[in-house]
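Report on the structure given below.
The values are calculated or read from the model by the stated rules, or taken from the named source; none is laboratory data. On a predicted model such as this, the values are computed, not experimentally measured, just so you know. Note that we place each Cβ from the backbone using ideal geometry, even for glycine, and neighbour counts take in every protein chain shown. With ligands, DNA and RNA removed, areas are computed over all heavy atoms of the protein, side chains included. Shrake-Rupley method; radii C 1.70, N 1.55, O 1.52, S 1.80 Å.
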Amino acid sequence: MSLFIGLMSGTSLDGIDAALVDITPGQPPTLIAHHAEPMPEALRDALWRLCHADRVAFAELAAAEDAFCRRQAAAVTALLAGSGVAREAIAAIGSHGQTIEHAPWGHDGGPAYTLQLDNPSLLAELTGCPVVGDLRRRDLAAGGQAAPLAPAFHEALFRARDEWRLVLNLGGFANLTLLPPSDDPRAPLGFDTGPANALLDAWHARHRGGRFDAGGAWAASGRVDEALLARLLAAPFFHRPPPRSTGREVFHLAWLDAHLTGEEKPEDVQATLAELTAASVALGVEMARESFAAPPAARLIPCGGGAHNPDLLARLARRLPETPLTTGDDWGWPADWLEAGAFAWLAARRLDGEPGNLPSVTGAAGPRVLGGLYAP
């Protein structure tokens, strides 16, 4: 048994997911235990401001990073206590950090960059465990998008000998992985398809308060505004071929507001945003299939917070009638823990000196060993 911890905090800013994973060579990764560490309101607000700020003070960045790192350490402590595993048994922690801005095409003509708040040195000090951090920028240095990174883990976990499969992460933003059968020599294809919970949550918070539309009930109460949907889908991102990745820098409430007439009912906008996610995923599936001349996938495996949204899943099912939706539970991976598991797996790859990226996904010049190792 070789134990690793993966830490993931996504664009929803609702908490830190911690997954304890057995990554024994020659065997599929196995989820041993998990813990969800809530994000304190003050820290969430600070991170939200940073994600939307044009300019920030260094002291503000440092304070948010320190507070975030200490929540990561608390997540590790709680995970180990709940599982009964000693910290000495942990080979390494894979820390994603908190993305503040992601600009793989640069900004105003400047260089490409991706910024995650993280302090692997402090995390190693607080937990007493080796930490693998800064997992994105090596791929970026090699000309890649630095995202998404999870498709390499999806391949290790879900690629099958006799069928095409799709893995769909429905976090703040949606990313898709198309897995050919394992006897097909081609590497998987993966890319961001567009917004998922980020816009849904933000619109819901503006009009109804709270952090999210539970079960998609409010979206289900509205009607899709087809004219608005057409305007949103006309955004260049949805028609750009992969490799591609995106974030709040492209899709945010101001972007949505620019497409509204002001006459729309709030619940109809929510329904339209849910349909935008389903439609953009379907466009992505079509794009991926055309790239590989692939048949309809035998199954689609949704994960992330959106996997608990019946309204959103129903919209996806209508858009993808030839591909049944299934669940990662069949492989021992509940929907909420796949992303954190991916960063445990990436930490194991770093310790083994093995590449963690897929150039077919990110567009990097080649396979690269990702991240730096910080001893306790």
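Of the residues making up the range 18-36, those that are within 17 Å of the chain's Cα centre (by Cα) and open to solvent by less than 50 Å² (accessible area, probe 1.4 Å) number 2.
Look at the range 41-56 and say how many of its residues are assigned to a helix (DSSP H, G or I), among the basic types (Lys, Arg) and loosely packed, with under 14 Cβ neighbours inside 10 Å. Break it down into steps so the answer makes sense when it comes.
Step one: of the range 41-56, the residues assigned to a helix (DSSP H, G or I) are 41-52.
From what is left, the residues that are among the basic types (Lys, Arg) are 44, 49.
Now restrict to residues that are loosely packed, with under 14 Cβ neighbours inside 10 Å: 49.
Of the residues in the range 41-56, 1 are assigned to a helix (DSSP H, G or I), among the basic types (Lys, Arg) and loosely packed, with under 14 Cβ neighbours inside 10 Å.
Have a look at Ala288, Ala271, Ala230 and point out the one that is open to solvent by 30 Å² or more (accessible area, probe 1.4 Å) and more than 18 Å from the chain's Cα centre (by Cα).
Going through Ala288, Ala271, Ala230 in turn, just one is open to solvent by 30 Å² or more (accessible area, probe 1.4 Å) and more than 18 Å from the chain's Cα centre (by Cα): Ala230.
Within the group Ala147, Ala174, which residue is touching a strand residue (DSSP E or B) at 6+ places or on another chain (Cβ under 8 Å), crowded, with 24+ Cβ neighbours inside 10 Å and assigned to a loop (DSSP other than H, G, I, E, B)? None of the other options fit; the residue is Ala147. Within the range 324-338, the set of residues being surrounded by fewer than 22 Cβ atoms within 10 Å (Cβ to Cβ) and assigned to a loop (DSSP other than H, G, I, E, B) comprises Pro324, Thr326, Thr327, Gly332, Pro334. Going through (1) assigned to a helix (DSSP H, G or I); (2) small (Gly, Ala, Ser); (3) open to solvent by less than 20 Å² (accessible area, probe 1.4 Å) one by one, Gly194 falls short only on (1).
Would it be correct to say that Gly341 is in a helix (DSSP H, G or I), more than 15 Å from Arg137 (Cβ to Cβ) and in contact with a helix residue (DSSP H, G or I) (Cβ under 8 Å, 6 or more places away or on another chain)? Before the answer, list the steps.
Details: in a helix (DSSP H, G or I): yes; more than 15 Å from Arg137 (Cβ to Cβ): yes; in contact with a helix residue (DSSP H, G or I) (Cβ under 8 Å, 6 or more places away or on another chain): yes.
It is true that Gly341 is in a helix (DSSP H, G or I), more than 15 Å from Arg137 (Cβ to Cβ) and in contact with a helix residue (DSSP H, G or I) (Cβ under 8 Å, 6 or more places away or on another chain).
Checking each residue in the range 118-133 for being outside any strand (DSSP E or B) and either open to solvent by less than 10 Å² (accessible area, probe 1.4 Å) or under 20 Å from Arg349 (Cβ atoms) (or both) picks out Asp118, Pro120, Leu123, Ala124, Thr127, Cys129, Pro130. Ala202 - would you say it is in contact with a helix residue (DSSP H, G or I) (Cβ under 8 Å, 6 or more places away or on another chain), among the hydrophobic types (A, V, I, L, M, F, W, C), surrounded by 14 or more Cβ atoms within 10 Å (Cβ to Cβ) and in a loop (DSSP other than H, G, I, E, B)? Criteria not met by Ala202. Pairs meeting the criteria (first residue in the range 245-269 and in a loop (DSSP other than H, G, I, E, B) and at pLDDT 95 or above, second residue surrounded by 18 or more Cβ atoms within 10 Å (Cβ to Cβ) and of a type in the set (D, E, K, R), beta carbons under 8 Å, at least 6 apart or on different chains) are Glu264/Asp225.
Just one of the numbered conditions (1) open to solvent by 40 Å² or more (accessible area, probe 1.4 Å); (2) without any contact (Cβ under 8 Å) to a residue 60 or more places away in the chain; (3) assigned to a loop (DSSP other than H, G, I, E, B) is not true of Leu115: (3). Go through the range 150-162 and count every residue that is within 21 Å of Gln98 (Cβ to Cβ) and surrounded by fewer than 20 Cβ atoms within 10 Å (Cβ to Cβ). Result for the range 150-162: 0. Of the residues that make up the range 181-188, is at least one over 28 Å from His308 (Cα atoms), in contact (Cβ under 8 Å) with a residue 12 or more places away in the chain and part of a strand (DSSP E or B)? Scanning the range 181-188, I find no residue that is over 28 Å from His308 (Cα atoms), in contact (Cβ under 8 Å) with a residue 12 or more places away in the chain and part of a strand (DSSP E or B), so the answer is no. Looking only at residues in the range 297-323 that are open to solvent by 70 Å² or more (accessible area, probe 1.4 Å) and touching a helix residue (DSSP H, G or I) at 6+ places or on another chain (Cβ under 8 Å), the one that is modelled with the lowest pLDDT is His308. Just one of (1) buried (at least 23 other Cβ atoms within 10 Å of the Cβ); (2) of a type in the set (Lys, Arg); (3) farther than 15 Å from Thr362 by Cβ fails for Arg136. It is (3).
Collect the residues in the range 57-94 that are over 18 Å from Leu123 (Cβ atoms) and open to solvent by less than 60 Å² (accessible area, probe 1.4 Å), keeping them in residue-number order.
Once the filter is applied, which keeps residues that are over 18 Å from Leu123 (Cβ atoms) and open to solvent by less than 60 Å² (accessible area, probe 1.4 Å), the range 57-94 yields Ala57, Ser83.
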